[in-house]
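Below is one structure, written out as structure tokens, with a few remarks after it.
The values are calculated or read from the model by the stated rules, or taken from the named source; none is laboratory data. What you are looking at is a predicted structure, and each value in this text was computed from that prediction instead of being measured. Because the Cβ atoms are built from the backbone with ideal geometry, glycine has one as well, and the counts that use them run over all protein chains shown. Please note that ligands, DNA and RNA were not included when accessible areas were found on the heavy atoms of the full protein model with its side chains. Shrake-Rupley method; radii C 1.70, N 1.55, O 1.52, S 1.80 Å.
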Amino acid sequence: MPVLGLGTWENDDPAQCTESVANALDAGYRHVDTAQIYGNEAAVGKGIAESDVDRDDIFLATKVWIDELAPADVASSTRESLDKLGVDAVDLLYVHWPAGEYEPEETLPAFAELRDDGLIDRIGVSNFEPEHLDAATDALGETPFANQVEMHPLLRQEELREYADANDVELVAYSPLARGEILDDPAVTDIAEKHGVSAAQVSLAWLRESGVTAIPKATGIDHLRDNLASLNLELDDEDVAAIDELGRTDRQLNPDFGPDWE
């Protein structure tokens, strides 16, 4: 899975979404993330079709919403997602939240059936805490390929990082810029000034060096390119220590149906 992807949450204007996906792929991105609840799968698929990049070179992920997690609904809604995306299969399918109709022993075998049928390549989960990951592993007979969670220098997710390292689970960070909050953090902006880069690049580079795949949302070509340039930024030990010492837990997304996070 490419270490930097394009997030499309709230990119719900069809024309803008299509253009941003096509521009991102043509600029060098190879990982695109969407979800049923985003309402933009068709626009994402159109952007993929309009880009100059072959489908086989793109890592495409989507997510099943919480009211579609009963086994029959998993199958039908995923097929609808594939139709909207205009693809035969996705590289990664997530359980969006451990909520709603989610029951590990019923939901995850339905995901495994989709994999057996060749409609998905990997099974992922999103917004899972360690206890949810343990239950998912028991239900699947294997660890999920990836866990997508909010993560950034203001929410470092140490426990989940340790779990991921110990259990060979890929961590994927949504809201990697803390919905813009990171851009004004003094520690991050000091590091950015030191290297002559943007604060966004510092956050994305810190995630990469933490072994995490970031999927920042961007629509304009300048932001797309700036985020992509983070792949060329190498933080030194002093930079990483300054971020790790922030000690903040500023969660940007915490819906009432989500896990009981501490």
Filter result (part of a helix (DSSP H, G or I) and open to solvent by 50 Å² or more (accessible area, probe 1.4 Å)) within segment 127-160: GLU131, ASP134, ASP138, GLU158, GLU159
Qualifying position, being open to solvent by 60 Å² or more (accessible area, probe 1.4 Å) and either out of contact with any helix residue (DSSP H, G or I) (no Cβ under 9 Å at 6 or more places or on another chain) or assigned to a helix (DSSP H, G or I) (or both), among ASP239, ASP256: ASP256
Identity of the residue in segment 13-40, over 15 Å from the mean Cα position of the chain (by Cα) and under 22 Å from VAL95 (Cβ atoms), that ends up least open to solvent (accessible area, probe 1.4 Å): ASN40
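Report whether or not ALA49 is aliphatic (A, V, I, L, M), closer than 18 Å to TRP9 by Cα and open to solvent by 30 Å² or more (accessible area, probe 1.4 Å).
Numbers: aliphatic (A, V, I, L, M): yes; closer than 18 Å to TRP9 by Cα: no; open to solvent by 30 Å² or more (accessible area, probe 1.4 Å): yes.
So ALA49 does not fit the description; no.
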Residue count, segment 242-253 (criterion: surrounded by fewer than 10 Cβ atoms within 10 Å (Cβ to Cβ) and either among the aliphatic types (A, V, I, L, M) or under 18 Å from the mean Cα position of the chain (by Cα) (or both)): 0
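Is there a residue in segment 186-193 that is assigned to a helix (DSSP H, G or I), open to solvent by 70 Å² or more (accessible area, probe 1.4 Å) and at pLDDT 95 or above?
Pass one, segment 186-193, residues assigned to a helix (DSSP H, G or I): 186-193.
Subset that is open to solvent by 70 Å² or more (accessible area, probe 1.4 Å): 186, 190, 193.
Restricting the remaining residues to those that are at pLDDT 95 or above gives 190, 193.
Scanning segment 186-193, I find at least one residue that is assigned to a helix (DSSP H, G or I), open to solvent by 70 Å² or more (accessible area, probe 1.4 Å) and at pLDDT 95 or above, so the answer is yes.
Would you please name the residue that is nearest to ASN11 (Cα to Cα), looking only at residues in segment 218-236 that are part of a helix (DSSP H, G or I) and of a type outside the set (A, V, I, L, M, F, W, C)?
First, the residues of segment 218-236 that are part of a helix (DSSP H, G or I): 221-232.
Among the residues that remain, those that are also of a type outside the set (A, V, I, L, M, F, W, C) are: 222-223, 225-227, 230, 232.
Values: ASP222: 16, HIS223: 14, ARG225: 17, ASP226: 18, ASN227: 17, SER230: 22, ASN232: 26 Å.
Filtering first and then ranking leaves HIS223.
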Residues of segment 84-109 that turn out to be farther than 26 Å from ALA49 by Cβ, surrounded by fewer than 19 Cβ atoms within 10 Å (Cβ to Cβ) and of a type in the set (A, V, I, L, M), as a count: 1
